[in-house]
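Okay, structure first, notes after.
The values are calculated or read from the model by the stated rules, or taken from the named source; none is laboratory data. Here the structure is a predicted model, which is why all the values come from computation and not from measurement. Here the Cβ is made from the backbone with ideal geometry for all residues, glycine too, and neighbour counts use every protein chain on show. All accessible areas refer to the heavy atoms of the entire protein, side chains included, with ligands and DNA or RNA removed. Shrake-Rupley method; radii C 1.70, N 1.55, O 1.52, S 1.80 Å.
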Amino acid sequence: MNVLLVNPYYQPIGGTEQRIAALAAEFRKRGHKTSFLVHGEPGTGNAFPDFSVCTSTSNMSRIIARKIIERDKIDLVQQHNYQNVGNGAILAAKDKKIPSVYYAHDFCSICLRRFLADGTDPDVKPCNLTDPNRCSSCVDPYQGHVHRKETEVLQSASLGVAPSKFFIDILEAHNVLKDKWVKVTPWISSFYRDFFWSGYCSNTVMFAGNLTPGKGVFTLVKALPKILKEIPDATLRCFAGGDIAPVILEAKKLNVLNHLQLSQPVPTEKLVFEYINAGVVCFPSRLQEAFGLIWAEAMTVGAPVICSRIGSIPELSQGYIPLIEPGNVDAWSEAILTVLQDRQESVKLAKTNKAWAKTIFSVEEAANEIMKQYESLIK
């Protein structure tokens, strides 16, 4: 089977890209060929030994995808979050009478403000998730028109794949691929399985993600004073992009700046060492997360993890990790202190986490499930 993978980026600089690369590797292990269409100057690209990478802008993606389908004898198009690369590959598949599958990793396909994707504006309140007619963005004449046109294109896909029933219900409420969704448990790269948590005595609270209000970093900064009363050498270590100034100002106001370490995002091969050396990894998001890669990666190496009770996380975590109300500073302080102060329980939690995550986030099993779906479409 020859598959065309469409995503804004190929290089695994982000969670979605890393997961796509891992899935493509599993496809190739099973004897399937893969080609990539990513965002960039149309017509450029690089050839690799076992797949090719072509580039396109959104207005050219339909044309270029058709050419790739012809050249590489593509059997199926796998379209991930379209964003800058557009969703023209789905139309190209329709033109060529081959199936296409849309992978939804976050909410960019239903919200033009992308409030659920990045949470950059603290003043923007989430729209009504079950009734898009009550969302100020969706009902705006121009934005509503664009959204309807994109929804029509996505409806041309043969199948939609999402990581949770929670997420699928929201997508269908917004008329995205109505009645065409299947749930595939999200996978992560098998890379993390080879590492083991060693932060038994560490008092580091780790955060990775973005410094936007929606990702919840301010909850952890505000929790620091209470944590420091019990554990004076505790440190909040953040690996995140975005505007650092508001975070620094908040830490100064609370007199905890000396216990805050801010670093730029680091590659996977370096971030994994932060997971294994952290006392606890926190995912305090205030967004309706479709998945949330960080907590799954940390669990897979066996690190103690605390997450927000929000979005798909309760469904996907299945009770294996403590879930805290997003934004509840006192609750987050108490949960973090519990993990850092009860080392015996932390070790027990870490071992359970690793054993469970290794099974549930298996890219091999995900590839098997996905290929069964593809084979049924191609027949």
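Against the conditions (1) touching a strand residue (DSSP E or B) at 6+ places or on another chain (Cβ under 9 Å); (2) more than 21 Å from Glu274 (Cβ to Cβ); (3) surrounded by 23 or more Cβ atoms within 10 Å (Cβ to Cβ), Ser308 satisfies every one except (2). Check region 292-304 and report whether any residue there is more than 17 Å from Lys222 (Cα to Cα), open to solvent by 40 Å² or more (accessible area, probe 1.4 Å) and not β-branched (Val, Ile, Thr). No: region 292-304 contains no residue that is more than 17 Å from Lys222 (Cα to Cα), open to solvent by 40 Å² or more (accessible area, probe 1.4 Å) and not β-branched (Val, Ile, Thr). Take the conditions (1) under 27 Å from the mean Cα position of the chain (by Cα); (2) on the phi > 0 side of the Ramachandran plot; (3) among the charged types (D, E, K, R); Arg62 misses just one of them, which is (2).
In region 224-238, which residue that is among the β-branched types (Val, Ile, Thr) and touching a strand residue (DSSP E or B) at 6+ places or on another chain (Cβ under 9 Å) is most open to solvent (accessible area, probe 1.4 Å)? Checked region 224-238; the qualifying residue most open to solvent (accessible area, probe 1.4 Å) is Thr235.
Within region 149-160, identify whether any single residue is assigned to a loop (DSSP other than H, G, I, E, B) and open to solvent by 10 Å² or more (accessible area, probe 1.4 Å), and answer yes or no. First the steps, then the outcome.
Filtering region 149-160 down to residues assigned to a loop (DSSP other than H, G, I, E, B) leaves 156-158.
With open to solvent by 10 Å² or more (accessible area, probe 1.4 Å) added as a condition, the list becomes 156, 158.
Yes.
Only one of (1) more than 24 Å from Val217 (Cβ to Cβ); (2) open to solvent by less than 10 Å² (accessible area, probe 1.4 Å); (3) of a type in the set (S, T, N, Q) is not met by Ser362, so which one is it? Here Ser362 meets the rest and fails (2).
Has region 339-348 got at least one residue that is closer than 26 Å to Gly214 by Cα and open to solvent by 10 Å² or more (accessible area, probe 1.4 Å)?
Yes: region 339-348 contains one or more residues that are closer than 26 Å to Gly214 by Cα and open to solvent by 10 Å² or more (accessible area, probe 1.4 Å).
Checking each residue in region 310-324 for being at pLDDT below 95 and not in a helix (DSSP H, G or I) picks out Ile310, Gly311, Ser312, Gln318, Gly319, Tyr320, Ile321, Pro322. Can you tell me which residue among Ala296, Ala290, Ala357 is within 27 Å of Phe107 (Cβ to Cβ) and not in a helix (DSSP H, G or I)? The match here is Ala290.
Residue by residue, here is whether (1) out of contact with any Pro (no Cβ under 7 Å at 6 or more places or on another chain); (2) farther than 25 Å from Lys348 by Cα; (3) at pLDDT 90 or above holds:
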{"position": "Lys165", "(1), (2), (3)": "yes, yes, yes"}
{"position": "Glu172", "(1), (2), (3)": "yes, yes, no"}
{"position": "Lys178", "(1), (2), (3)": "yes, yes, no"}
{"position": "Trp187", "(1), (2), (3)": "yes, no, yes"}
{"position": "Ser190", "(1), (2), (3)": "yes, no, no"}
{"position": "Trp197", "(1), (2), (3)": "yes, no, yes"}
{"position": "Thr204", "(1), (2), (3)": "yes, no, yes"}
{"position": "Asn210", "(1), (2), (3)": "yes, yes, no"}
{"position": "Gly214", "(1), (2), (3)": "yes, yes, no"}
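Remark: pairs (first residue in region 191-203, within 23 Å of Leu228 (Cα to Cα); second residue of a type in the set (Asp, Glu) and part of a loop (DSSP other than H, G, I, E, B); Cβ separation under 9 Å; 6+ apart in sequence or on different chains) = Asn203/Asp233. Candidates in region 354-369 are the residues that are of a type outside the set (Phe, Trp, Tyr) and more than 19 Å from the chain's Cα centre (by Cα); of these, the one that is nearest to Val305 (Cα to Cα) is Lys354. Taking the condition within 20 Å of the chain's Cα centre (by Cα) and assigned to a helix (DSSP H, G or I), does Lys372 pass? It is false that Lys372 is within 20 Å of the chain's Cα centre (by Cα) and assigned to a helix (DSSP H, G or I). Every test in (1) outside any strand (DSSP E or B); (2) modelled with pLDDT of 90 or more is passed by Cys307 save one, and that test is (1).
None of Val221, Val247, Val272 is open to solvent by less than 30 Å² (accessible area, probe 1.4 Å), of a type in the set (Val, Ile, Thr) and either in a strand (DSSP E or B) or touching a residue at least 60 places away in the same chain (Cβ under 8 Å) (or both) except Val272.
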